[in-house]
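Okay, structure first, notes after.
The values are calculated or read from the model by the stated rules, or taken from the named source; none is laboratory data. All figures in this text were calculated on a predicted structure; none of them were measured in a lab. Glycine also receives a Cβ, built like all others from the backbone with ideal geometry; neighbour counts cover every protein chain displayed.
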Amino acid sequence: MSRTIQFTDRNFKLAVVQELMYDQELLPGFSLREYAAEQGFTYDGGSVEAVPEALAYFEALEVPVELAEKITKIDMDGGNEIYLEIAPNWDGEDGLFDVDEFADVEHFPHLKSMTLFYTGKDEALETLRARGIEADWL
């Protein structure tokens, strides 16, 4: 049985899953439209809010430890597929997907660069840079 990464920050996990699922295609893809049809729920496609069922899917998604070495960069961007599958009309104007906790970087020994949504917490950038990770705001 495969071990999985235990994340402390949901939004850090989402940024990692974006890289593994949509950029590298190492995890099976997720389509909100297909998932809603399979699970029998509806959602407001015009809302900027997260669809609870989509968020729950990603919270429950297991990321195998073996994939940690594949993460060399994380580029958070409002146009990333994962965010649009969770909140189809999200405009990036709120902190819905901001990362607040960076303890999860310990799982990713090859992580060299991160582009983050702006939170104003410059100490976060300094913490990442002290670990040898090039970190900047989007």
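Of the residues examined, Q39 is not one that is at pLDDT 95 or above and under 20 Å from T4 (Cβ atoms). Taking the stretch 113-131 as the range and being within 22 Å of G79 (Cβ to Cβ) and of a type in the set (D, E, K, R) as the test, no residue passes.
Residues that are surrounded by 16 or more Cβ atoms within 10 Å (Cβ to Cβ) and either touching a strand residue (DSSP E or B) at 6+ places or on another chain (Cβ under 8 Å) or free of Cβ contacts under 8 Å to residues at least 60 places away in the same chain (or both) within the stretch 74-91 comprise I74, M76, E85, A87, P88, W90, listed in sequence order. How many of the residues making up the stretch 92-108 are touching an Asp or Glu at 6+ places or on another chain (Cβ under 7 Å) and surrounded by fewer than 16 Cβ atoms within 10 Å (Cβ to Cβ)? Adding up the residues that qualify gives 2.
In this structure, does V16 turn out to be at pLDDT 95 or above and surrounded by 16 or more Cβ atoms within 10 Å (Cβ to Cβ)?
Details: at pLDDT 95 or above: yes; surrounded by 16 or more Cβ atoms within 10 Å (Cβ to Cβ): yes.
Against the criterion (at pLDDT 95 or above and surrounded by 16 or more Cβ atoms within 10 Å (Cβ to Cβ)), V16 qualifies.
Residues in the stretch 41-83 that are over 24 Å from S113 (Cα atoms) and aromatic (F, W, Y): F41, Y43, Y57.
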